[in-house]
């Protein structure tokens, strides 16, 4: 199973555009990767993200609000006629039009022009990679960067690496004023190491189904005995992976399966994948890891120690003479 957001990360029209005009990110030495060897996440510099936010946000706000402003204007023209002409009503609407349509549209246009005139300046790497899942080596890597402070020597970044099979997939459940929200993270089994890959590739969802599907996708990607997941972003490098190339040759898969697909067919496949994920009950699958490891369980005192009652919990244990044992994961025989 593949989450729709991962499928839509590089739709067929984007693949055709890159094939025709080239990949600007790769030309600028972008450190992020999504290929047959690894999934490496890296952010662009702050100015690149601001320009992208102005373009995407300005376009979205202008397109959404334009019909509402137009309908509201026509209603006022109809209700105020014949006392007011359409031109006088338009004059009263000018401030609202400027702030709801003109300002976002100007931000969209300015960002678009800047990107067209100075593409090299707009696309700039950030600090560096944040995490990586390497299919070839089977390792998961995380980078930690120190915060830049004035008049202080910059500390070298820290790299933490561990085998992928030592990580467990966890679904974090939370809530906001709109309802529940779920996010996916990788937690190392033997040390305090959390890789928040869900925040960067999947975002959070109102239901845990997409997190389960994402974990299924990650496991299939890291399994070198199986072919690469069949998604658009990996199509250009499928022939470079021996297992995938052999699988495609035996199944007579077209090398341009996604790139030659029209947008309507692709949208149908995305909707079908969404329906399949909702239909499959992943929570009823057996926990295969339970046969290999013994999970740590938190006592009520431990929960209080991580919440609001941490001080009261420590005082209660001190009075009773109990010692808090450290929580650790111990692999079973």
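Is it the case that some residue within segment 146-163 is in the same structural domain as residue 24 (by TED's automatic domain parsing), crowded, with 17+ Cβ neighbours inside 10 Å, at pLDDT 85 or above and farther than 24 Å from residue 8 by Cα?
yes
Within segment 175-194, take every residue that is in contact with a strand residue (DSSP E or B) (Cβ under 7 Å, 6 or more places away or on another chain), closer than 21 Å to residue 209 by Cα and in contact (Cβ under 8 Å) with a residue 24 or more places away in the chain and give me the one that is surrounded by the most Cβ atoms within 10 Å (Cβ to Cβ).
184
Quick one: which helices (runs of 4 or more DSSP H) lie wholly within segment 57-144 and hold at least 3 residues that are touching a helix residue (DSSP H, G or I) at 6+ places or on another chain (Cβ under 7 Å) and at pLDDT below 90? Before you say what the answer is, go through the steps one by one.
On the way: elements: 86-97, 103-117, 119-122.
Of the helices (runs of 4 or more DSSP H) lying wholly inside segment 57-144, those with at least 3 residues that are touching a helix residue (DSSP H, G or I) at 6+ places or on another chain (Cβ under 7 Å) and at pLDDT below 90 span 86-97, 103-117.
Please verify whether segment 160-174 includes one or more residues that are under 22 Å from residue 41 (Cα atoms) and out of contact with any strand residue (DSSP E or B) (no Cβ under 8 Å at 6 or more places or on another chain). Working first, answer last.
Our first condition is that a residue be under 22 Å from residue 41 (Cα atoms); within segment 160-174, this holds for 160-172.
Now drop any that are not out of contact with any strand residue (DSSP E or B) (no Cβ under 8 Å at 6 or more places or on another chain), which leaves 165.
Checked against the condition, which is being under 22 Å from residue 41 (Cα atoms) and out of contact with any strand residue (DSSP E or B) (no Cβ under 8 Å at 6 or more places or on another chain), segment 160-174 yields at least one hit.
Test each condition in (1) out of contact with any strand residue (DSSP E or B) (no Cβ under 7 Å at 6 or more places or on another chain); (2) assigned to a loop (DSSP other than H, G, I, E, B); (3) at pLDDT below 85 for residue 30 and report the one that comes out false.
(1)
The values are calculated or read from the model by the stated rules, or taken from the named source; none is laboratory data. Since the structure is predicted, the reported quantities are computational estimates derived from the model, not experimental observations. Please note: Cβ atoms are built from the backbone with ideal geometry, for glycine as well, and neighbour counts cover all protein chains shown.
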